[in-house]
Structures are given as C-alpha cells and as structure tokens.
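Below is one structure, written out as structure tokens; comments come after it.
The values are calculated or read from the model by the stated rules, or taken from the named source; none is laboratory data. Keep in mind the model is a prediction, meaning the values are calculated, not measured. Cβ placement follows ideal geometry from the backbone for every residue including glycine, while neighbour counts extend to all protein chains displayed. Side chains included, ligands, DNA and RNA excluded: accessible areas come from the protein's heavy atoms. Shrake-Rupley method; radii C 1.70, N 1.55, O 1.52, S 1.80 Å.
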Amino acid sequence: MEKLVSLAKRRGFVFQSSEIYGGLGSVWDYGPLGVELKKNIKERWWRSMVHEREDIEGLDAAILMHPKVWEASGHIAGFTDPLVDCKHCKNRFRADDPKIKGTPGQPDGQCPACGTKGTLTAPRQFNLMFKTFMGPVEEDAAVIYLRPETAQGIYVNYLNVLQSSRQKIPFGVAQIGKAFRNEITPGNFIFRTREFEQMEMQFFVKPGSENEWFERWRTERMQWVEGLGVRTEKLRWHQHGKDELAHYAADAYDIQYEFPFGWQEFEGIHNRTDFDLKNHQQHSGKKLDYLEAATNERFIPYVVETSAGADRTTLVVLCDAYREEAVRSEEGVEKEELRVVLKLKPSLAPLKAAVFPLVNKDGMPEVSRRIYDDLRRHLNVFYDDGGSIGRRYRRQDEAGTPFCITIDGQTSQDQTVTVRDRDTLKQVRIASSGLVEYLKEKLAN
Ligand code: GAP
C-alpha cells in the first residue's frame with residue numbers, strides 16, 4: 001500500500017489535505033491525474049445508471065438539510081459507534097478494535113496505545129455526524145449536520161422527482177455527491193476518510209417486489225464493477241449478518257475487493273424497506289404514499305438502494321491496476337529494468353495518450369506540437385519532451401497512459417508516427433492523420 005500511496009503523490013493522483021500544515025487526519029485531495037480518474041469513474045456510473053436507463057432520474061441535492069431529516073432517518077439516534085477512551089494516554093478507540101486486550105471498563109482492559117491496564121473507559125456511543133451551525137448564532141436551535149449519506153436527499157425529493165418526471169413505480173433516483181462522517185478509526189489512504197463521495201441510487205418499488213429487484217440490482221451492479229476492468233478473482237459478495245445490518249436495512253450485500261490490507265467492501269446493495277419514506281411521512285406530516293393507477297392501490301414504496309463510494313471505487317481501480325514488471329527490450333532500455341505500471345482500463349485512464357518528439361531538433365518538436373494540439377481537441381493528452389524516451393515511457397506507465405505517440409525522423413518524410421501500447425510494449429506505425437480515429441477505437445467502452 002505504501003508504494004501505491006507514494007506513486008499517487010509522485011504522479012499527482014492524490015495528495016494529503018493541507019499537507020504544508022502537517023495534513024488533516026484522513027482527508028485527501030485529488031491532483032491533476034486523480035481528479036480525471038475519479039471523474040471518469042463517476043461519469044461511467046452516471047451514464048449506466050441515468051443516461052442509459054429510462055427508469056432512473058438524476059438529482060443533485062444540497063449537502064445541508066433540515067435537521068429533522070436526521071431525526072426521521074434514525075441517524076441522530078442510531079448512527080453511532082461505541083467508543084472507549086484511555087484515561088492515561090487520552091487516546092480514543094472503537095470498542096471493537098481488535099488491538100484492545102481484555103474488557104474496556106474492567107481492570108483487565110488494556111490500552112493498545114500506551115499498554116496500561118484498567119485505564120480504558122466503558123464503551124459509550126459516539127455519533128458520527130459532523131455538526132455545524134446555521135446562521136450567526138451558535139446555539140442548540142441552530143445546529144445542522146453535514147450529510148453522512150446522500151440517500152436522504154433523494155427521499156425528501158422523492159415526490160418532487162416523481163411528479164416532475166412523470167415516472168411510475170418502479171423507478172429510481174440517482175445522485176453523486178459528498179458525504180461526511182467523523183470516523184473514529186479512519187485510514188488506509190482513501191479507503192476510509194472523513195469526507196468522501198458517494199454514488200447512490202434509490203429504486204422505489206411496490207411492496208412485495210423488493211426481493212426480485214434486490215437480485216436484479218445485485219446482478220447489474222456486479223456487471224458494472226466488472227466493466228471497470230477489475231480482476232474478477234479479486235471480487236466477492238458478502239451478505240450482512242444480523243449484527244452488521246445498518247439500522248435501516250432488512251437485507252444487505254456488499255461487493256468486496258481484496259485490497260492489500262484484506263477483503264473490504266466498496267459498494268452495498270440494501271433492502272431499506274419503507275423505513276425511510278415511512279419515517280419522513282411521519283416526521284414531516286406530508287403524505288408520501290403512491291397511488292398505483294392500474295390497481296387503485298395506495299402504498300408507501302419499498303426501496304432497494306445501490307450505494308458505492310466514488311473514492312473507494314477509485315482505490316479499487318488503482319490497487320487493481322498497480323503492477324511491477326521486468327522490462328527487457330524496449331527503446332531506451334539497455335539492461336533489464338523494473339517498471340511500475342498502472343494497467344488502467346484505457347477508457348478510465350486520466351491521460352489517453354502522450355506525445356513525444358524523439359529529439360528536440362530537426363523540426364520534430366514543431367510537428368509534435370501540431371499533432372498534440374490536434375489530439376487535445378478530442379482527448380485528454382499530454383506533451384513531454386523532457387529526458388530520454390525510456391524515461392518518458394516510464395513516467396507515462398506510472399500515470400497509466402495507455403498510448404505513447406512518438407514523432408521521429410520518418411514522420412517528416414511520410415507523415416507517420418509510432419504508437420506504443422502501455423501493456424504489450426508493442427509499437428505500430430500509423431499515419432498521423434488517422435490518430436484520432438485509431439485512439440478512439442481503442443478507447444471505446
Ligand atoms: N446510503 C447507504 C450508505 O451510506 P454505507 O455502507 O454506510 O451505506 C456506502 O456507505 C458506501 O460509501 C460504502 O460502500 C463506501 O464505498 C462509501 N463509504 C462509506 N463510508 C466511507 C468513508 N468513511 N470513507 C470513504 N468511503 C466511505
């Protein structure tokens with residue numbers, strides 16, 4: 001994992017937030033390549049969930065919501081982790097932290113940080129929502145929360161979307177947006193952070209049909225994940241046991257990936273029943289039931305939720321793409337070299353191609369610039385004339401750039417260039433006028 005974190009910084013994928021001030025705990029910033037990679041993943045999700053479907057609408061709800069939303073959703077009462085404090089070293093841990101020996105609150109409870117026995121407090125519940133104040137007065141009546149999930153923005157807009165889009169049940173609402181959780185044990189780079197992005201879809205169905213839709217969404221979501229190019233042997237399902245289910249869920253399956261730190265979830269499919277809409281109806285006093293025209297039946301819809309983390313999915317894609325390989329014969333390689341390469345699916349790669357003049361003379365830079373300017377209008381490409389060609393390849397391998405285009409002595413004679421494939425290291429010579437078409441074909445899907 002350290003190698004990936006260091007590559008992410010070196011190549012401009014992910015930086016620690018406020019690094020010059022020593023960083024802010026478990027908050028990360030996306031650099032020039034990271035923002036492109038995450039955007040490509042989000043766009044792929046939006047395309048498959050919203051644009052390619054007739055039965056799902058998009059939404060972008062505000063992060064700040066009426067505080068009663070969180071009473072109704074159960075987050076004020078139930079979105080908590082049990083915590084223990086060490087009275088000696090003042091560190092704080094989750095009560096179920098496997099590093100704790102003995103029983104917190106008892107003489108044998110041992111602090112995993114300072115090793116003192118009997119100094120851990122008994123567990124108490126800690127709410128994970130970030131609080132802030134709305135307006136100029138910092139009083140209890142002004143407390144609002146940063147949303148801990150985007151889903152609630154969908155529930156409170158369910159009727160607005162239904163009426164304005166003229167959808168009929170079953171239908172869904174999808175949203176991508178920031179969520180915040182004051183996690184107690186964050187970590188593993190961008191896996192568990194305090195500020196993150198979710199890609200969530202709530203599918204509203206007739207009660208009784210939720211199990212069928214649950215299975216359909218499980219299939220759909222796994223297919224989408226596989227479409228990211230992730231190795232299938234690194235993916236598996238995990239069904240939540242009774243003790244793992246969130247307060248709103250009747251059934252839940254996670255899609256897990258085998259990260260360098262073990263199998264962990266990055267997306268969940270949840271049967272949320274009518275829990276959320278029923279509670280919002282009760283707390284708001286607004287009717288949220290649905291009249292089915294064909295049967296004249298009124299009901300509160302059930303919800304099947306698909307909930308993915310954009311950052312965690314980005315981490316899955318990065319971990320899965322990271323390889324170290326020996327390179328024997330390639331231009332600029334005199335003896336066997338180890339290369340670090342991100343074998344990203346080409347359509348997800350931040351840069352689609354890099355353009356190099358073989359040498360910075362004989363008119364090559366001018367031709368290269370012209371080709372680069374032309375490609376730039378179609379694709380995100382990069383120009384590099386610094387250092388040996390071998391060094392330039394290595395930099396693009398680390399960035400995950402699938403194609404490197406070199407302008408050489410032959411280009412001025414027959415207007416052809418070489419295109420080097422990141423994964424096979426093979427080069428083909430093609431007419432520069434056919435580059436856009438060639439690359440677009442390779443980048444499809
Ligand atoms: N609306 C349901 C919900 O929020 P969740 O399992 O708590 O369910 C869904 O979160 C997804 O959000 C997770 O699968 C994960 O990808 C992402 N996620 C949750 N907490 C996160 C955190 N602290 N840092 C990064 N991603 C997180």
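A few points about this structure:
- Loop-located trypsin sites (Lys or Arg not before Pro) in the range 373-445 (DSSP state not H, G, I, E or B) with no more than 16 neighbouring Cβ atoms inside 10 Å: R377, K426.
- Its residue count N sets the reference 2.2 N^0.38 Å, and the alpha-carbon radius of gyration of the range 1-66 equals 1.51 times that reference.
- Here is the list for the range 304-354: trypsin sites (Lys or Arg not before Pro) lying in DSSP coil, each with at most 10 other C-beta atoms within 10 angstrom of its C-beta, are R328, K335.
- With all protein chains kept in place, the per residue accessible area of the range 228-368 amounts to 45 square angstrom at a probe of 1.4 angstrom.
- The range 217-287 - Kirkwood radius from inverse mean 1/r over Cα pairs (Å): 13.9 Å
- Protein accessible area in the chain, 1.4 Å probe - carbon and sulfur %: 48 percent
- Cα gyration tensor category, rounded, prolate or oblate, for the range 81-120 with a/c compared to 1.5: rounded
- Of R11, R166, R272, the one that fluctuates the most in a GNM where the chain has Cα springs shorter than 10 Å: R166
- In this Cβ point-charge picture (+1 for Lys and Arg, -1 for Asp and Glu), the range 284-390 has a dipole of about 400 debye about its Cα centre.
- Positive minus negative residues near Y155 (Lys, Arg vs Asp, Glu; Cβ under 12 Å): -1
- Database note for the chain: Cys without another Cys beta carbon under 4.7 angstrom, C319, C404.
- Taking every protein chain into account, the accessible area of the range 1-136 amounts to 56 square angstrom per residue (probe 1.4 Å).
- Formal net charge of residues neighbouring E292 (Cβ-Cβ distance under 13 Å; K, R +1; D, E -1): +1
- Mean-square fluctuations from a GNM of the chain, with a 10 angstrom spring cutoff on Cα atoms, peak among P301, P107, P82 at P107.
- HN-Hα J in Hz across the range 29-40 - Karplus 6.51, -1.76, 1.60, θ = phi - 60°, x for Gly and Pro: 10, 9, x, x, 7, x, 5, 5, 4, 5, 5, 5
- Most mobile of F299, F15, F79 in a GNM of the chain (Cα contacts under 10 Å): F299
- Listed residue (L24, I190, F259) projecting farthest to the positive dipole end of the chain, Cβ model: L24
- Between the range 124-165 and the range 338-391, the C-alpha centres lie 45 angstrom from each other.
- Cα convex hull of the chain - mean projected area over all directions, nm²: 27.4 nm²
- Helix-only [θ]222 nm of the chain, DSSP H runs n ≥ 4, -39500 (n - 2.57) each, per residue, nearest 500: -8000 deg cm²/dmol
- Rounded to the nearest 0.05, the FRET efficiency derived from the C-beta distance between D140 and E71 at R0 = 22 Å is 0.95.
- With Cα atoms, 0 to 90° folded angle of helix 210-226 axis to the chain main axis: 20 degrees
- If you take all other residues with their beta carbon under 15 Å from the beta carbon of N127, and give Lys and Arg +1 and Asp and Glu -1, the sum is +2.
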